[in-house]
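Values in this text are rule-based calculations from the coordinates and carry no lab data. Values in this document were obtained by computation on a predicted structure and should not be read as measured data. No Cβ is skipped: glycine too gets one built from the backbone with ideal geometry, and neighbour counts run over all protein chains shown.
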Amino acid sequence: MTNWALLGLMFFTANLPWFSDKLFYAINLNRSNQPGYSKNLGWCLLELLVLYFLTGAFIWYAERATLGQVAPQGWEFYAVTACLFLVFAFPGFVYKVLWKRTI
């Protein structure tokens, strides 16, 4: 996999929590079926955290499968990738939280 494909995968998965009112696209959080219901920000952040680790595990597996070994990383690498994941999630956050409420 190329670096651009992996960055595209990170961008895609970082925006997934913001485009559905279901938890992980499977669990319906709207028990009363209100038409104006929206998923809470806390649930979106939890999904974002879980998707960060799932995406990291997939990328780790892809590196191991293609190169045969994984380069050792320090805490700095994980801090940078977490911040990059949050930056990639910003368009979805703007769509869900900021833009949708003003319409």
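Residues in region 78-87 carry Karplus couplings, in order, of 6, 5, 5, 5, 5, 5, 5, 5, 5, 5 Hz; the curve used is 6.51 cos²θ - 1.76 cosθ + 1.60 with θ = phi - 60°, and Gly or Pro positions show x.
Here the scattering of the chain is modelled by Debye summation over its C-alpha atoms, one equal scatterer each and no solvent; at q = 0.15, 0.21 Å⁻¹ the log10 of I(q)/I(0) is -0.69, -1.11. Farthest toward the positive end of the dipole of the chain, out of Val70, Phe85, Ile27, is the Cα of Ile27, where the dipole comes from beta carbon charges about the Cα centre.
The angle between the Cα long axis of helix 3-15 and the main principal axis of the chain comes to about 20°, on a 0 to 90 degree scale.
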